[in-house]
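Report on the following structure.
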There are 2 protein chains.
Amino acid sequence: MTTPLQWTSYVPGIWKTTIGAPSDLSPLAFIGREPKTEALQQMGEAPFPFGSGDVAIEQKKRGPLLSVPLTASEKLYGLGLQFMKLNQRGRTRFLRVNSDPKQDTGESHAPIPFVVSDQGYGILIDTSRIVTIHLGSTVRLAETKKEQIFDRNNQKGQWKATLVSERMEFLLPLEGADVYVIAGNNALDVVRRYNLLCGGGALPPRWGLGFWHRVPTLFTDKQVAEEALEYRKREFPCDVIGLEPGWHSKSYPVTYEWYEGRYPNPKQFVADMDREGFRINLWEHPYVSPEAGLYEKLLPLSGSYTVWGGLAPDYSLEEARTAYREQHRSEHLSIGVSGYKLDECDGSELTGNSWMFPAHAEFPSGHDGEQLRQMYGLMFQKMTSELYREEDKRTYGLIRASGVGASSMPYVLYSDLYDHKQFIRALCNASFSGLLWTPEVRKASSAEDWVRRMQAVCFSPMAMLNAWGDGTKPWSFPEVEHIVRHYIQLRMRLLPYLYSAFAKYHQDGTPPFRAMPLVTGNVQNESGAVSASAVKVDTVDAAYGGNKKKEWDDQFMVGDDLLVAPLFAGEQERDVYLPHGRWFGLESGETYEGGGVVRVAPGLEQIPVFVRDGAVIPMTPWRAHAPRQGEQMPLILCHFGEAEGSGSLYDDDGESFAYERGESVWRKAEVKRSADGSWTGTLSGHEASFPSTFGEVQWHFGLKKLP
Amino acid sequence: MTTPLQWTSYVPGIWKTTIGAPSDLSPLAFIGREPKTEALQQMGEAPFPFGSGDVAIEQKKRGPLLSVPLTASEKLYGLGLQFMKLNQRGRTRFLRVNSDPKQDTGESHAPIPFVVSDQGYGILIDTSRIVTIHLGSTVRLAETKKEQIFDRNNQKGQWKATLVSERMEFLLPLEGADVYVIAGNNALDVVRRYNLLCGGGALPPRWGLGFWHRVPTLFTDKQVAEEALEYRKREFPCDVIGLEPGWHSKSYPVTYEWYEGRYPNPKQFVADMDREGFRINLWEHPYVSPEAGLYEKLLPLSGSYTVWGGLAPDYSLEEARTAYREQHRSEHLSIGVSGYKLDECDGSELTGNSWMFPAHAEFPSGHDGEQLRQMYGLMFQKMTSELYREEDKRTYGLIRASGVGASSMPYVLYSDLYDHKQFIRALCNASFSGLLWTPEVRKASSAEDWVRRMQAVCFSPMAMLNAWGDGTKPWSFPEVEHIVRHYIQLRMRLLPYLYSAFAKYHQDGTPPFRAMPLVTGNVQNESGAVSASAVKVDTVDAAYGGNKKKEWDDQFMVGDDLLVAPLFAGEQERDVYLPHGRWFGLESGETYEGGGVVRVAPGLEQIPVFVRDGAVIPMTPWRAHAPRQGEQMPLILCHFGEAEGSGSLYDDDGESFAYERGESVWRKAEVKRSADGSWTGTLSGHEASFPSTFGEVQWHFGLKKLP
């Protein structure tokens, strides 16, 4: 039985319907951020992207089945933090939170039932339960076309393991769910509307975009200070030092209380580190030790199963959230701790281990283990970010589970996985679902691997060395220390550019780091999404005789004007797909014509980064750490190439939420060429009620490469 | 709410209860084999292994939760074809059929909700739906013991990632399921009772225990014959030639009809091969091509989704089964085809691909996709084995999905996976759940790898080279051809011993190949199961700081008297755990005292095989193929060592079901030592109404190694 659906216009370009009687616990409701309606209005009205009755619901024994028509060549992106491919067409995605996503099942640290079509629409399911989505991986008997069926024996070239399906099917929870349709002219529009629906993208504090170092787990306060000062001595920038489990008085399970043996005076320690320009970030996980002060309070507010012996609190209860927040406020925020690394909220029974409560666990709120598991990552993001908001301070941290509605959360995902290509693909894929991801560096098999990982992480949402277990340092491979130093310094030089890209994320929903299918209007002479199959592709044997098309899943945009194409250990050269227009090697100075594939062989000293002709990149001299609130830094405006052009520079105090109260400014840097061929640059004024972060302004024109 | 359970005595040593109102489609009901009550009675009565109320049921939102108490050191085995470990204590098993079981989640080609405890009981769930079992991987809040919680920071040695749980929890299907409790003095007793409940173990035809070779998929009849004759020329035994997809007129999906282009006269081809002593086995999969003669008949009897464009017939309908059987009977059995390789009945949406109907598919019988997926492997095993039974011929074949109740099915599991250690572990694990498994050889990274794989597969339920894709031959590595020939010939020499071990499987449920925890009564001076942790163990770092104890998951018993401990490529030596008593290297002649670990370094020419002191192994000279019905072979009775002893020899016609009609015999070979130290051997007579398979009898006494 197919039932017609009634869609309600929710915000401009987004429609909503409710199927069944969903649980009161849903990600969008829980995160509770208002859609950015003004920005959505600015994007304009858009027509409902389907014909009447195209999107239908059928009641199946296992739950309501939502079906959406597909065109033959349509590509489907998103689904959260996926490690294995960009285009998910033809796959089934089982969207369960999983701490160990080693197979291409859809499971992930951050599985998100949000599909972005290159045909310019998105489908979003807002639920605290697991959704299974068949992205054209099912073919109904009534829709099976004989002319698509070939003989693998005698028609090897034509036979395909996956037939073209005409529909996408969403198996919703038995009780139902809220469904949203999001319109757009292209995939980027859809993603922007999604992010604006979720309250806009996160704007981290400026210091969050500096370099991060996490120390070995059992380090003492003195060892931490010593390690941090080594950064200063060696001229490696560093803004944040992360402490791992050893700072807790007990772990695992944890107490959230300082261990006197290693940190006899935490307040003094944090203050001392702050004086040297280091913020402190604390590791924690959700499971509360019987020895924690919080234990007795949380005991009646916890689930029916323990994890590592610790309580699994029911943070869908306000009372539990309050207890957590009070403890964190009084013992961490009050002494200046800058934020958290929220680990292991994705423990999953699916990996077969015991490090999570079961799906059948019961919680005092009436919610069950499946719901709490799917939502735990969001719950910790919300609790902690609200704590900082209450103090009018921004935070930036790490999270190992996320879901729908996380766009506005100032958290970056990470994983215990470590395949470098998967790490870069995850960076690309995160951009479809309002997620941020760090390809963190932990160790390396060689100096080459070390450099390649360090170069790439410096062009990611969080540039971090996580030495918790291996005790590595940026200078661990002395023969390449100078290369690593150069890139960490380069990240600091790009701080004004990176920060502006995040401000745009917050303001209009454009992800600061984005996969190639999201390159659209900003690409000269190209209005549609970049199509991986439109360019010449490699063909490799795949399982069941299929051909695997090359996806440009190993390169991405940073902001509007930089394209980064990492090399991986063992590679001397690589292909890069450049969108239309002229490009310059940021550090090689070579000129490239876009609209196709170029091959580069930059040597170990360089990561291939390309800058658009006419781009104006706001930079600053390298510095040991980001400027403090009120501190100034010089501005270096770098114009590249031969074309006239412009760039945007965002400014606010970098640390508080004053920007939400009007204390922010966008400045425009424009470069024109005079009749005599000389260049003129104009930077609009800092017309705002707060002091500018930028002091002296310096211009470079017509650059072919970085000065 | 905990509900007390009412247990009904079902057969001696086995109790049953029904929870809820289960579907009419269940594995035991579908397989429909009567329990071997006589053999069960011979095992004697056993007390119900739990106290009243120990095993309880609670109704949860997600389904009924069955809970079973655990003792602290209890070990839990079984769960079907598991690749990653023997003892599953502390793990969660998600028992979904999965074609690509690369992670330790419980999913498998043959997931079986049957847990065998070393405390001498088993719990079996008979359902066509997915069951999740927490094998002590959950700890209830009320049962969390503070004294078990250590601090990972400061008590590294004591901290454990998995706390000891006091219970096992089974999340049953929403609608309920039948539950069986099986008693026993030890794990072997429990496994035997399980196999007898399922109708006893499979007894393959004698030829099934010869060597198997599967040819490249597009081979013609002439190429097949040529390849087969090369076996004869080179003196490599071979009984079965398997044809891969190329024999179908169309594939994939398939027609089950011969392709004239490669097989112009199938009847002649099968007869010609038979004359040379080769049986023909046919590959197929479940999905029916629109070009198949069967298509129109099966169309109204099929599921609502196609796979590879082919029908997914609803074989829970008698009408569909009849159509399949009639076609197979008239086009395959009638011309002498010996059996099938039933591929891809385990396609799973979980791997993210589209090569299976979805769980929400609907079938004309009213059953759904989840049920048909979980049951497809069993359905094909039953349909095909019944076809042969109707003709009073035994079959032996290959299957890629199985489940509860498969013990009596003459099918051997295989996988596209290829890790050699996992393959041997799977062989061990299969023995807990009434399954047979082949560590088939396909290709090798080196001559050493080739030899190690070939040696091991010759001591498995099916000795097979599967050259479908790689075109390998046993002599593919000429430098080691002699070693491979030796072991394939040795398998043929052991035919009387192997066949007797299978007869015992059929008669009293003892698996012919068994994991070390199933070594009990046969081990001198040892009544309990061999405990992996009772012997000195290696300690390696594992995730989350835990210690991984050595499981003896890389060695196994073949029958009662041979212990096989394969070496793997790259290894020069290995540890072997030998049960109590004296052992001899079957080919090295070295003497070992059991009851502990010995180290062996046999060189590439040998696989470590140990024979028990006093064992009498019935053998025969090597032969090109197994004797045909009515043909005789010499019997060589090999007595090993210094102790008196005995062996059992089973005989029947080797091909028909006459053995079920009384035409079978067990003969006893006894060896005594006279006062003067000389040996006497006695073989009981062939007191039966059918001709003996054995001609001339030869004795060897006091062997230290094979003659």
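Among the residues of segment A:597-616, those identified as within 21 Å of residue A:484 (Cβ to Cβ) and touching a Leu at 6+ places or on another chain (Cβ under 8 Å) are A:602, A:607, A:608, A:609. Per the conditions (1) under 19 Å from residue B:495 (Cα atoms); (2) in a loop (DSSP other than H, G, I, E, B), the sole criterion not satisfied by residue B:642 is (1). Among the residues of segment A:87-96, the ones that are touching a strand residue (DSSP E or B) at 6+ places or on another chain (Cβ under 6 Å) and either surrounded by fewer than 24 Cβ atoms within 10 Å (Cβ to Cβ) or not in a loop (DSSP other than H, G, I, E, B) (or both) come to 4 in all. Among the residues making up segment B:149-172, a single one is assigned to a loop (DSSP other than H, G, I, E, B), touching a strand residue (DSSP E or B) at 6+ places or on another chain (Cβ under 7 Å), open to solvent by 10 Å² or more (accessible area, probe 1.4 Å) and more than 9 Å from chain A (Cβ to nearest Cβ): B:166. Of all residues in segment A:607-638, those being open to solvent by less than 50 Å² (accessible area, probe 1.4 Å), not in a strand (DSSP E or B) and not hydroxyl-bearing (Ser, Thr, Tyr) number 10.
A residue that is within 28 Å of the chain's Cα centre (by Cα), under 29 Å from residue B:213 (Cβ atoms), within 14 Å of chain A (Cβ to nearest Cβ) and assigned to a loop (DSSP other than H, G, I, E, B) occurs nowhere in segment B:304-323.
Here segment A:97-106 is the region considered, the condition is being open to solvent by less than 10 Å² (accessible area, probe 1.4 Å) and more than 27 Å from residue B:309 (Cα to Cα), and the residue that is farthest from the other protein chains (Cβ to nearest Cβ) is A:97. Tell me, which residue of segment B:197-221 that is more than 14 Å from chain A (Cβ to nearest Cβ) and farther than 24 Å from residue B:655 by Cβ is nearest to the chain's Cα centre (by Cα)? The selected residue is B:197.
Results for (1) touching a helix residue (DSSP H, G or I) at 6+ places or on another chain (Cβ under 7 Å); (2) closer than 30 Å to residue B:423 by Cα, shown as yes or no for each residue.
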site: B:25; (1), (2): yes, no
site: B:30; (1), (2): yes, yes
site: B:40; (1), (2): yes, no
site: B:74; (1), (2): no, yes
site: B:78; (1), (2): no, yes
site: B:82; (1), (2): yes, yes
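For segment A:667-679, filtering for residues that are closer than 26 Å to residue A:587 by Cβ and among the polar types (S, T, N, Q) leaves 1. Can you confirm whether residue B:226 is without any contact (Cβ under 8 Å) to a residue 24 or more places away in the chain, in a helix (DSSP H, G or I) and more than 14 Å from chain A (Cβ to nearest Cβ)? Here the answer is yes, as residue B:226 does meet what is asked.
Checking the conditions here, which among A:385, A:330, A:338 is farther than 25 Å from residue A:437 by Cα and not assigned by TED's automatic domain parsing to the domain that holds residue A:33?
Working: A:385 fails: farther than 25 Å from residue A:437 by Cα; A:338 fails: farther than 25 Å from residue A:437 by Cα.
Result of the check over A:385, A:330, A:338: A:330.
In the set A:231, A:252, A:263, which member is outside any strand (DSSP E or B) and more than 14 Å from chain B (Cβ to nearest Cβ)? Break it down into steps so the answer makes sense when it comes.
Values: A:252 fails: more than 14 Å from chain B (Cβ to nearest Cβ); A:263 fails: more than 14 Å from chain B (Cβ to nearest Cβ).
A:231 is the lone residue from the list that is outside any strand (DSSP E or B) and more than 14 Å from chain B (Cβ to nearest Cβ).
Residue-level analysis places residue A:688 outside the set of residues that are in a strand (DSSP E or B) and either surrounded by 18 or more Cβ atoms within 10 Å (Cβ to Cβ) or not assigned by TED's automatic domain parsing to the domain that holds residue A:494 (or both).
Rundown of residues vs (1) charged (D, E, K, R); (2) open to solvent by 10 Å² or more (accessible area, probe 1.4 Å), yes/no style:
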site	(1), (2)
A:189	yes, yes
A:196	no, no
A:200	no, no
A:204	no, no
A:216	no, yes
A:219	no, yes
A:233	yes, yes
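What about residue B:112, is it touching a strand residue (DSSP E or B) at 6+ places or on another chain (Cβ under 9 Å) and within 14 Å of another protein chain (Cβ to nearest Cβ)? Spell out how you get there, then give the answer.
Values: touching a strand residue (DSSP E or B) at 6+ places or on another chain (Cβ under 9 Å): yes; within 14 Å of another protein chain (Cβ to nearest Cβ): no.
Here the answer is no, as residue B:112 does not meet what is asked.
Do you know which residues across segment A:491-544 are modelled with pLDDT of 95 or more, on the phi < 0 side of the Ramachandran plot and outside any helix (DSSP H, G or I)? The answer is A:494, A:510, A:511, A:512, A:513, A:514, A:515.
Out of the residues in segment A:653-682 that are touching a Pro at 6+ places or on another chain (Cβ under 9 Å) and part of a strand (DSSP E or B), state the one that is surrounded by the fewest Cβ atoms within 10 Å (Cβ to Cβ). Full working, then the answer.
Step one: of segment A:653-682, the residues touching a Pro at 6+ places or on another chain (Cβ under 9 Å) are A:653-656, A:667, A:669.
Those still in the list that are part of a strand (DSSP E or B) too: A:667, A:669.
On the way: A:667: 20, A:669: 22.
So, considering only residues that are touching a Pro at 6+ places or on another chain (Cβ under 9 Å) and part of a strand (DSSP E or B), the one surrounded by the fewest Cβ atoms within 10 Å (Cβ to Cβ) is A:667.
For segment B:349-383, give me each residue that is assigned to a helix (DSSP H, G or I), within 11 Å of chain A (Cβ to nearest Cβ) and buried (at least 24 other Cβ atoms within 10 Å of the Cβ). Within segment B:349-383, B:349, B:350, B:369 qualify. Can you find a residue in segment B:129-145 that is among the hydrophobic types (A, V, I, L, M, F, W, C), touching a residue at least 40 places away in the same chain (Cβ under 8 Å), surrounded by fewer than 23 Cβ atoms within 10 Å (Cβ to Cβ) and facing another protein chain (nearest Cβ under 9 Å)? Taking every residue of segment B:129-145 in turn, none turns out to be among the hydrophobic types (A, V, I, L, M, F, W, C), touching a residue at least 40 places away in the same chain (Cβ under 8 Å), surrounded by fewer than 23 Cβ atoms within 10 Å (Cβ to Cβ) and facing another protein chain (nearest Cβ under 9 Å). Residue-level check: of (1) within 14 Å of chain A (Cβ to nearest Cβ); (2) touching a residue at least 24 places away in the same chain (Cβ under 8 Å); (3) hydrophobic (A, V, I, L, M, F, W, C), residue B:187 misses just (1). Condition check for residue A:349 on (1) at pLDDT 95 or above; (2) out of contact with any helix residue (DSSP H, G or I) (no Cβ under 7 Å at 6 or more places or on another chain): one failure, at (1).
Kindly establish whether residue B:287 is within 11 Å of chain A (Cβ to nearest Cβ), open to solvent by less than 10 Å² (accessible area, probe 1.4 Å) and in contact with a Pro (Cβ under 9 Å, 6 or more places away or on another chain).
Details: within 11 Å of chain A (Cβ to nearest Cβ): yes; open to solvent by less than 10 Å² (accessible area, probe 1.4 Å): yes; in contact with a Pro (Cβ under 9 Å, 6 or more places away or on another chain): yes.
Spelling it out, residue B:287 is indeed within 11 Å of chain A (Cβ to nearest Cβ), open to solvent by less than 10 Å² (accessible area, probe 1.4 Å) and in contact with a Pro (Cβ under 9 Å, 6 or more places away or on another chain).
Can you name the residue in segment B:437-448 that is open to solvent by less than 10 Å² (accessible area, probe 1.4 Å) and either charged (D, E, K, R) or in contact (Cβ under 8 Å) with a residue 24 or more places away in the chain (or both) and, of all such residues, is farthest from residue B:469 (Cα to Cα)? Filtering segment B:437-448 for residues that are open to solvent by less than 10 Å² (accessible area, probe 1.4 Å) and either charged (D, E, K, R) or in contact (Cβ under 8 Å) with a residue 24 or more places away in the chain (or both), the one farthest from residue B:469 (Cα to Cα) comes out as B:437. Taken together, the residues in segment B:22-80 that are open to solvent by 30 Å² or more (accessible area, probe 1.4 Å), within 14 Å of chain A (Cβ to nearest Cβ) and without any contact (Cβ under 8 Å) to a residue 60 or more places away in the chain amount to 2. Here residue A:25 does not qualify as among the hydrophobic types (A, V, I, L, M, F, W, C) and either touching a strand residue (DSSP E or B) at 6+ places or on another chain (Cβ under 8 Å) or part of a helix (DSSP H, G or I) (or both).
The values are calculated or read from the model by the stated rules, or taken from the named source; none is laboratory data. The shown structure was predicted, so the numbers you read here are calculated from the model rather than taken from an experiment. So basically every Cβ, Gly included, is an ideal-geometry build from the backbone, and we count neighbours across all protein chains shown. When the accessible area is computed, the model is the full protein with side chains, heavy atoms only, and any ligands, DNA or RNA have been set aside. Shrake-Rupley method; radii C 1.70, N 1.55, O 1.52, S 1.80 Å.
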